[in-house]
1. Convert each backbone phi in the stretch 163-180 into a coupling constant with the Karplus relation 6.51 cos²θ - 1.76 cosθ + 1.60 (shift: θ = phi - 60°), then list the ³J(HN,Hα) values in order as whole Hz, x for Gly and Pro.
2. Distance in nm between label sites at Arg77 and Leu15, each 7 Å beyond Cα in the beta-carbon direction?
3. Among Arg101, Arg133, Arg139, rank each residue by its count of other Cβ atoms within 10 Å, from fewest to most, as a rough exposure measure.
4. Enumerate the lysines that Lys132 could reach by cross-link, defined here as Cα to Cα under 19 Å, with residues fewer than 8 away along the same chain left out.
5. Can you give the helix-only mean residue ellipticity at 222 nm for the chain, where every DSSP H stretch with n ≥ 4 adds -39500 (n - 2.57) and the sum goes over all residues, rounded to the nearest 500 deg cm²/dmol?
6. Please work out which option in [x] 1.05; [y] 1.09; [z] 1.03 gives Rg/Rh (Cα atoms, Kirkwood Rh) calculated from these coordinates, and answer with its label.
Amino acid sequence: MKIFKAFLSLLMLALLIVTALFVDFTYKTFSARPRQVQADAIVVLAGGKGRVEEGVRLFRERRGTWLFLVGVDPTVRKSDLYRPKPGDPPADNVVLEKLSRNTLENAIYGRDILAEHKVRSVLLITSRYHLKRSAILFRNALAPDVALYPYPVDSSNVKEEWWHHLGTFRLLFSEFYKYCIFRVFFLFSPGELRPVSL
């Protein structure tokens with residue numbers, strides 16, 4: 001009986017800790033605000049609604065010298081996503097990355113493209129719910145001296161009152177779970193995604 005009570009107490013404690021961490025995660029997710037900064041590059045993680053459009057808008061405003069669209073479908077052409085108008089930055093400064101298929105691969109392939117173009121500051125654009133996981137992956141893939149500015153794009157299917165919407169809760173908890181896995185991973189292997197210096 002004592003063992004059962006001890007197990008139950010530990011289980012309750014674990015649930016309280018997970019609940020507190022999840023609430024903190026959601027609070028930080030919804031309190032993130034777009035940074036009004038100038039960067040060497042705008043990096044858009046393609047796939048979510050509104051991300052590419054926001055990246056192109058900021059590129060037209062010259063908030064970044066380069067626009068990298070990461071995780072683009074292989075059938076998509078550059079002209080499908082960006083057609084410069086008079087006074088716009090040149091299309092030569094728009095780069096499509098078509099090999100990555102998930103957020104981890106986005107960070108790895110994105111890291112290589114950014115290093116190739118000697119980028120020292122990044123405006124990272126993705127959906128709000130996806131922001132914390134994307135940021136931790138890119139932060140641990142890029143060189144420590146590269147400035148990273150996460151930039152959230154809101155999605156109509158993600159409600160700020162997540163406790164009233166089962167779909168939003170599931171999406172946020174899934175992101176929270178994946179984020180925690182990467183937090184633990186980088187705790188023990190902090191430089192795993194960074195390129196090996198020769």
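Bear in mind these aren't lab numbers, they're just calculated from the coordinates by the rules spelled out. Bear in mind the structure is a predicted one, so any value in this text is a computation, not a measurement. Reconstructed Cβ throughout: ideal geometry from the backbone, glycine too, with neighbour counts over all protein chains shown.
1. 5, 9, 10, 4, x, 5, 4, 4, 4, 5, 5, 4, 5, 4, 4, 5, 4, 4
2. 5.7 nm
3. Sorted ascending by nearby Cβ count, the order is Arg101, Arg139, Arg133.
4. Counting by Cα, and skipping residues close in sequence, Lys132 has these lysines nearby: Lys28, Lys49, Lys159, Lys178.
5. Estimated from H runs of four or more residues: -15500 deg cm²/dmol.
6. Label [x] holds the value from this structure.
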